[in-house]
1. Which residue, A:VAL302, A:VAL45, A:VAL278, has the most motion in a Gaussian network model of chain A that connects Cα atoms within less than 10 Å?
2. Quick check for me: using +1 on Lys/Arg Cβ and -1 on Asp/Glu Cβ, what's the dipole size of chain B about its Cα centre, in debye to the nearest 20?
3. Let's test the formula: R0 of 41 Å, r as the Cβ-Cβ distance of A:LYS40 and B:LYS22. What FRET efficiency results, to the nearest 0.05?
4. Which one, A:SER170, A:SER281, A:SER106, has the greatest fluctuation when you compute a Gaussian network model over chain A with C-alpha springs under 10 angstrom?
5. Which value at 222 nm does chain A reach when only helices count, each DSSP H run of 4 or more adding -39,500 (n - 2.57), with the total divided by all residues and rounded to the nearest 500 deg cm²/dmol?
6. Using the 7 Å Cα-to-Cβ label point, sort the distances from A:GLU25 to its equivalents in the other copies shortest first and give them in nm to one decimal.
7. How far is B:PHE221 from itself in the other copies, in nm, if each label sits 7 Å out from Cα along the Cα-Cβ line, shortest first?
8. Which whole-angstrom value gives the distance between the alpha carbon centres of the range A:194-246 and the range B:1-35?
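Please treat every number below as a calculation from the coordinates, not as lab data. Predicted model, so just to flag it, every value in this text is computed and none were measured. Reconstructed Cβ throughout: ideal geometry from the backbone, glycine too, with neighbour counts over all protein chains shown.
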Protein chains: 2
Amino acid sequence: MEALSSYTKMIEAGLSTLDFPKTPERLYDPLRYFLQIGGKRIRPVLTILGAELFGADFKIALPQALAIETFHNFTLIHDDIMDEAPLRRNQTTVHEKWNRDVAILSGDVLLVKAYQLLAQINPKQLPEALDLFNRTAAEVCEGQQMDMDFEERQDVTVPEYIEMIRLKTSILLGGALTMGAIVANASAEDKKHIYDFGQYIGIAFQIQDDILDLYADPKKFGKQVGGDVIANKKTLLHLTAIGACSSEQLSVLKQLQSEKNLEIKIEKTRSLFDHLGVKESCRIRMDEYYQKALFSLEKVSVNESNKVELRHLAAYLMEREL
Amino acid sequence: MEALSSYTKMIEAGLSTLDFPKTPERLYDPLRYFLQIGGKRIRPVLTILGAELFGADFKIALPQALAIETFHNFTLIHDDIMDEAPLRRNQTTVHEKWNRDVAILSGDVLLVKAYQLLAQINPKQLPEALDLFNRTAAEVCEGQQMDMDFEERQDVTVPEYIEMIRLKTSILLGGALTMGAIVANASAEDKKHIYDFGQYIGIAFQIQDDILDLYADPKKFGKQVGGDVIANKKTLLHLTAIGACSSEQLSVLKQLQSEKNLEIKIEKTRSLFDHLGVKESCRIRMDEYYQKALFSLEKVSVNESNKVELRHLAAYLMEREL
């Protein structure tokens, strides 16, 4: 998607102007390092698109877009500690490259930096922007805690799972768009619709992620197909299977979790899922959220021509082959 | 100090009204637990006193006072992870009672909560309050990083040490007072003076802490006298000694750092420090900051009668026997 890449460049340029103090080096070097690792910068792009949707110039929403992106990176630095992840986008994570304490503290100060960027706004809009940002930030933490709690639970339901991904990842998309809408002085109704668009697209995208993990074309998929199955992750596929299977199938599924031969583990799990219609069921759910997202975008009271970029972005996010 | 205890009660009452969500339990239970561990609540009391100094009612500054206290507790939860401290005020720390990840994430959401409390302010004052809060928060992180860096350095100077304690602990006292002054619509000059009062008192208090560690009356001191010496901490006493001693004395000091008999270690270190006049030198430095603090308070353009509480509090903080 060509338009996306021009927006991404805009964000990269903005990030490169962030002037972290030189010292203490071990507080700010990790941030300089981590912020240049890259990514598609979808969230800050959404803030820009949210502002443009309502007729505002991208420039006035740039600090808030960067606030969203620095917040997102703060969560990644801390999540990487919790997940004990050695790599992020094929680069060494902060706690691996430095250490745990550096990752905690530089993450903390990055969250503060996000608030500093957020504050670069028309003072009249600050209370609303801060309120949205605080609510979003707290909910993202709640989603992350739910995700960790789920690892230790055996009775997670599909609605609970959807609520977890909504909080952990989707509402930040809604919040990012709404932040742009606030800067552009959109109406309360339009802010609600654009928030919903973001969170529904986010849920659909996460469901797609779960499906792709097991059903992607290995040639096109960037990572190992079946990674979630190997790790016994409670994805939507797994929870859907649990909900649909007989007690015999349940015990097969449980046995498969301790299967040592990974090829067999993936193959047999996929075969059981296919038998249960898991992929189709998840795809239907994904489409429901995608349609809800498009319906929310339709309700936004601006010219259709203003919505083109967001429609393209939504289609782009959902276009990975299933 | 009787007045302090009535203010402390005010803060405790305010903290007890904070309504954290019930779930996720492992995100919010740690906060309910940690915030009731207690303490003198000096920082939020300073916010209240800062508001009253300029004629405002304590009630309008209460949310901002609670913002300061929740921020302080966020730093404690994360610092405890970094220090691997099992206890805080004789209670189990969050990472010990739950685990590292719970402590990271509940600390994060507590910082967000601090911003939510801060936002409960007259919208006209929000930009300035947020700016002060952000600056203070970033500097506290910088001070914490400097402190950790110092553990690995052998060439820390006295001015660097003073700058570290200024950032790590003192400016939060200045920031707390100034937050009250903002709520009370104090003038720019008065806000500067009250900030200085806070940070100078903070530095004097920290120096006093360093002195007391080795020179307190064991009967009156709450913890083991000489704890910093045992841990080979680079306190102001230590750095002052380094700056004053001959190369022979320096090698004695270095040998003492690996002395196994702790009584002898403390005794001989104290004796060397006495010989070098370390205590007296530190006390002079402490008094300088105390006088600077009082001088800053003098410059605040309100009636002397309004300053009584702050003078009492300053004297109370500095009254521990040296």
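1. Most flexible of the set in this elastic network: A:VAL302.
2. The dipole magnitude comes to about 540 debye.
3. Given R0 = 41 Å and the Cβ-Cβ separation, E is 0.70.
4. Evaluated over chain A, the most mobile residue of the options is A:SER281.
5. Computed mean residue ellipticity for chain A: -23500 deg cm²/dmol.
6. Relative to the other copies, A:GLU25 has label-point distances of 4.7 nm.
7. Shortest to longest, the spacings are 6.3 nm.
8. Taking the Cα centre of the range B:1-35 as reference, the centre of the range A:194-246 is 40 Å away.
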